[in-house]
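Structure in structure tokens, see below.
The values are calculated or read from the model by the stated rules, or taken from the named source; none is laboratory data. All of these numbers come straight from a predicted model, not from anything done at the bench. Glycine also receives a Cβ, built like all others from the backbone with ideal geometry; neighbour counts cover every protein chain displayed. With ligands, DNA and RNA removed, areas are computed over all heavy atoms of the protein, side chains included. Shrake-Rupley method; radii C 1.70, N 1.55, O 1.52, S 1.80 Å.
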Amino acid sequence: MINLKTHFPTPDGIVRAVDRIDLSIREKETFGLIGETGCGKTVLGLTIMRLLPPSAAVEGKIIYKGKNLLEVSEPEMRGVRGEEIAMILQNPTTSLNPVLRVGEQIAEAIRLHQGLNKRDAKEKAIEMLGSVRISSPSRRTSEYPHEFSGGMKQRVMIAMGLACDPSLIIADEPTKGLDVTIKAQIIELITKVTEEKAMLLITHDLGVAMELCDRIALMYAGELVEYATAREIFDDPLHPYTRGFLGSLPNRGLVPIHGMSPSLIDLPRGCRFHPRCKHATEACRRKHPDMVEVEAGHFVRCFDA
Amino acid sequence: MLDYILKRVFQLVPALLLVSVVSFSIIYFAPGDPAEVLCTGPDGNVHPKSVEEFRIKMGLDKPLHIQYLIWLNNVLHGDFGYSYRSEKPVFDHIKRAFKATFKLSVVSLIVSLVISIPLGIVSAIKQNSTMDVSCMVGASLGVSMPNFWLGLLLMLLFGVYLNWLPVAGYGTGGDLEHIILPAITLGTGSAAVTARLMRSSMLEALGQDYIQTARAKGVSERVVIGKHALKNALIPVVTMVGLNFGYLLDGSVVVETIFGWPGLGRLIVDSINMRDYMMIQGCMVFVAILFVAVNLIVDISYRYIDPRICYETA
Ligand SMILES: Nc1ncnc2c1ncn2[C@@H]1O[C@H](COP(=O)(O)OP(=O)(O)OP(=O)(O)O)[C@@H](O)[C@H]1O
Ligand SMILES: [Mg+2]
């Protein structure tokens, strides 16, 4: 992604949900995207999939396998969705169609992209459900989403995402709202299925990201503030926001970050984090810091780093 | 499922009994004596002797509660009694009138659905476009236009000026050319309401997360709308259309009167005018049964199209 921007013009002003983001996801890599609620993570995922409402203004480039996804035609993009890049949307409870059988929802993409007939696609759907460890999958495929528990719906979403063997998966908060055991199972499942695939993992949960990701980016108010390997983020966080985020982990003392993230319409001048930053200086208030590479592969947006 | 239906039918018994009591008694509290009305000679004089004979013949001399029980027993055996006026079985009249009303209702329903469902969907997809706005303005007009007025307009245009269709009447048995105008008159009113509901429930469905999921699978917009959204959006529409059909089946007095359609609505009004008690009672009970039956069918089909309902205890 190069200089990617997604803005929503609204009656109250322009919402800068994604602002000048540069990042690249390598093949077979699990890339974590972390940030507080409302910072634009989901919008970034939807921008990649080109699933935003028509009112959204998108600028920049998204290069996937040599092609700029923002320039391909809509039918070509439909071929990419589900087949090449799959997105597992947040909130499995509302993301499954309540009046269609689970098997049909999984089989749909398979029929569409792999040209299988109804029966073969159903076989494949059963196989997919089995692979996300749902017991008696053949019976389960003919049930409706309301007959599944929350964790099982999440598995169904994962099975649906994986159905056509995409090379990039965007998973939006796959562990949100699950209890600890189920969460652990989902994490294990994701680890297993993503060995061979690239994945953009969107999450609030730094613990999950540490466990699953090769590299991690922190997003704040629509822009990236730091990104590096998971190890480096963990051992040597440079941005105050990253440090704050780490400090709020249960095993590090649960210290919350003060204040609230700013409105994406009315962003603070200078560094977007300065109103909440303990080390803010005059420079932070006046000038917007650029992303700098402090070490090989470790980028930070802070004057202090 | 069978359990559920039986249970529902069982629940209807007290309601229907109540309807029977009400329909039986209301008429006796209403002013006017059928025996006197019917036994009024051409000279305008009432002949007391024939009134008395008529009362005895029709069982009107017995106490009220006995009359009710006799009547109820007969009704339970499918015998709605005899019309005071024609002296033919009430049920024959109802059957004939219902056939006419049923025909008209089905055609109106088709007219209504053919207009409303596509318009509602298109309006939802092209929300706030000229198309959408004009459809919804049209729908408002359709709702607010009284049936008798629309009926008369159509009659004038197609029956009188263009002379394409018969102005009114039933033909030999409710032929197509006779049914078109009343069906359009009845259909447009409900089409307007259905189109609005279709539009709003389609809009709601299109805003749901699962639509995004479907798009993320690479499904084409046509399938997203026609399969994922429509199946959800139809749930409330089916309920409403079903209930609407229930109303249609009771017969529209206004439209049936204007177009000279020998349906239930007219039968009821005529029998009220004639103080034909047996007929009024029979019609009321029949309409009540019809209405609850349609409701039951709607409820059952509702469970069929919305899988979430089946497993809740009703
Ligand atoms: N269609 C839209 N029109 C206007 N603003 C929008 C639209 N979609 C999202 N936004 C705004 O963009 C911002 C980012 O939203 P986004 O859903 O990406 O947050 P998020 O980081 O995924 O949060 P969460 O962790 O709660 O899921 C929010 O402030 C939201 O109000
Ligand atoms: Mg989100």
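Does region A:17-28 include one or more residues that are more than 16 Å from ligand 1 (Cβ to nearest atom), open to solvent by less than 50 Å² (accessible area, probe 1.4 Å) and modelled with pLDDT of 90 or more?
Restricting attention to region A:17-28, the residues satisfying the condition of being more than 16 Å from ligand 1 (Cβ to nearest atom) are A:22, A:24-28.
Keeping just the survivors that are open to solvent by less than 50 Å² (accessible area, probe 1.4 Å) gives A:25.
The next check asks that each one be modelled with pLDDT of 90 or more; those that pass are none.
No.
Please report, ordered by residue number, the strands (runs of 3 or more DSSP E) entirely within region A:193-305 with at least 2 residues that are open to solvent by less than 30 Å² (accessible area, probe 1.4 Å).
On the way: elements: A:198-203, A:215-220, A:223-229, A:292-295, A:298-300.
Counting at least 2 such residues, we get A:198-203, A:215-220, A:223-229, A:298-300.
Answer yes if at least one residue in region B:159-168 is among the polar types (S, T, N, Q) and part of a helix (DSSP H, G or I), and no otherwise. Talk me through it step by step, then tell me what you get.
Filtering region B:159-168 down to residues among the polar types (S, T, N, Q) leaves B:163.
Remaining after also requiring part of a helix (DSSP H, G or I): none.
For region B:159-168, residues among the polar types (S, T, N, Q) and part of a helix (DSSP H, G or I): absent.
Taking region B:120-156 on its own, how many of its residues are open to solvent by 60 Å² or more (accessible area, probe 1.4 Å) and part of a helix (DSSP H, G or I)? Steps first, please.
Just the residues of region B:120-156 that are open to solvent by 60 Å² or more (accessible area, probe 1.4 Å), to begin with: B:125-128, B:130-131, B:133-134, B:137, B:141, B:143-144, B:148-149, B:152-153, B:156.
If we keep only those that are part of a helix (DSSP H, G or I) as well, we get B:125, B:130-131, B:133-134, B:137, B:141, B:143-144, B:148-149, B:152-153, B:156.
The qualifying residues number 14.
Next question. So how many residues does region B:235-278 have that are in contact with a Gly (Cβ under 8 Å, 6 or more places away or on another chain), open to solvent by 10 Å² or more (accessible area, probe 1.4 Å) and in a helix (DSSP H, G or I)?
Looking only at that region, the number is 8.
Count, please, the residues in region A:96-114 that happen to be within 18 Å of A:Ser142 (Cα to Cα) and assigned to a helix (DSSP H, G or I). Give the derivation first.
Restricting attention to region A:96-114, the residues satisfying the condition of being within 18 Å of A:Ser142 (Cα to Cα) are A:96-111.
When the remaining residues are screened for being assigned to a helix (DSSP H, G or I), the result is A:102-111.
Qualifying residue count for the region: 10.
With the structure loaded, tell me whether B:Ala205 is in contact (Cβ under 8 Å) with a residue 12 or more places away in the chain and either part of a loop (DSSP other than H, G, I, E, B) or over 26 Å from A:Asp165 (Cα atoms) (or both) or whether it fails that test.
It is true that B:Ala205 is in contact (Cβ under 8 Å) with a residue 12 or more places away in the chain and either part of a loop (DSSP other than H, G, I, E, B) or over 26 Å from A:Asp165 (Cα atoms) (or both).
Confirm whether B:Ile110 is surrounded by fewer than 17 Cβ atoms within 10 Å (Cβ to Cβ) and in a helix (DSSP H, G or I).
Working: surrounded by fewer than 17 Cβ atoms within 10 Å (Cβ to Cβ): yes; in a helix (DSSP H, G or I): yes.
So B:Ile110 fits the description; yes.
What residue, of A:Ser142, A:Ser131, is of a type in the set (Gly, Ala, Ser), more than 14 Å from every other protein chain (Cβ to nearest Cβ) and open to solvent by 30 Å² or more (accessible area, probe 1.4 Å)? Step through it out loud before you land on a result.
Working: A:Ser142 fails: more than 14 Å from every other protein chain (Cβ to nearest Cβ).
Matching residue, one of A:Ser142, A:Ser131: A:Ser131.
Out of the residues in region A:36-87 that are within 13 Å of another protein chain (Cβ to nearest Cβ) and in contact with a His (Cβ under 7 Å, 6 or more places away or on another chain), which is farthest from ligand 1 (Cβ to nearest atom)?
A:Glu83
Taking the residues in region A:159-185 that are over 17 Å from A:Asn91 (Cα atoms) and either part of a loop (DSSP other than H, G, I, E, B) or of a type in the set (S, T, N, Q) (or both) as candidates, determine which candidate is nearest to ligand 2 (Cβ to nearest atom).
Filtering region A:159-185 for residues that are over 17 Å from A:Asn91 (Cα atoms) and either part of a loop (DSSP other than H, G, I, E, B) or of a type in the set (S, T, N, Q) (or both), the one nearest to ligand 2 (Cβ to nearest atom) comes out as A:Pro166.
Just one of (1) under 27 Å from B:Val254 (Cα atoms); (2) assigned to a helix (DSSP H, G or I); (3) not assigned by TED's automatic domain parsing to the domain that holds B:Ala233 trips up B:Asn73, so point out which.
B:Asn73 satisfies every listed condition except (1).
Follow-up question, since we're still on this one. Could you please let me know if B:Ser83 is open to solvent by less than 70 Å² (accessible area, probe 1.4 Å), under 29 Å from B:His178 (Cβ atoms) and at pLDDT 80 or above?
When the stated conditions are applied, B:Ser83 does not pass them.
Which of (1) in contact with a Gly (Cβ under 9 Å, 6 or more places away or on another chain); (2) farther than 30 Å from A:Ser135 by Cβ; (3) open to solvent by less than 50 Å² (accessible area, probe 1.4 Å); (4) not hydrophobic (A, V, I, L, M, F, W, C) does A:Gly82 not meet, given it meets every other one?
Of the numbered conditions (1) in contact with a Gly (Cβ under 9 Å, 6 or more places away or on another chain); (2) farther than 30 Å from A:Ser135 by Cβ; (3) open to solvent by less than 50 Å² (accessible area, probe 1.4 Å); (4) not hydrophobic (A, V, I, L, M, F, W, C), the odd one out for A:Gly82 is (2).
If you don't mind, another one. Only one of these conditions is not met by A:Leu52: (1) touching a Cys at 6+ places or on another chain (Cβ under 9 Å); (2) within 15 Å of ligand 2 (Cβ to nearest atom). Which number is it?
(1)
Then there is this: Consider region A:165-181. How many of its residues are within 12 Å of ligand 1 (Cβ to nearest atom) and open to solvent by 30 Å² or more (accessible area, probe 1.4 Å)?
Count: 2.
Every residue, every condition in (1) within 18 Å of A:Glu108 (Cβ to Cβ); (2) within 12 Å of chain A (Cβ to nearest Cβ); (3) buried (at least 19 other Cβ atoms within 10 Å of the Cβ), yes or no:
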position: B:Met202; (1), (2), (3): no, no, yes
position: B:Ala205; (1), (2), (3): yes, yes, yes
position: B:Ile211; (1), (2), (3): yes, yes, yes
position: B:Ala214; (1), (2), (3): yes, yes, yes
position: B:Val219; (1), (2), (3): yes, yes, yes
position: B:Arg222; (1), (2), (3): yes, yes, no
position: B:Gly226; (1), (2), (3): yes, no, no
position: B:Ala233; (1), (2), (3): no, yes, yes
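Pull out all pairs, ordered by first then second residue, where Cβ-Cβ is under 8 Å, the residues are six or more apart or on different chains, the first lies in region B:91-116 and is closer than 19 Å to B:Val253 by Cβ, and the second is at pLDDT 90 or above and hydroxyl-bearing (Ser, Thr, Tyr).
What qualifies is B:Ser112/B:Thr194.
I'm checking my understanding of the structure. Among residues of region A:88-99 that are among the hydrophobic types (A, V, I, L, M, F, W, C) and at the interface with chain B (Cβ under 7 Å from one of its Cβ atoms), which one is surrounded by the most Cβ atoms within 10 Å (Cβ to Cβ)? Before the answer, list the steps.
Start the filter on region A:88-99 by keeping residues that are among the hydrophobic types (A, V, I, L, M, F, W, C), which leaves A:88-89, A:96, A:99.
Of the ones still in play, those that are also at the interface with chain B (Cβ under 7 Å from one of its Cβ atoms) are A:89, A:96, A:99.
On the way: A:Leu89: 26, A:Leu96: 22, A:Val99: 20.
It comes out as A:Leu89.
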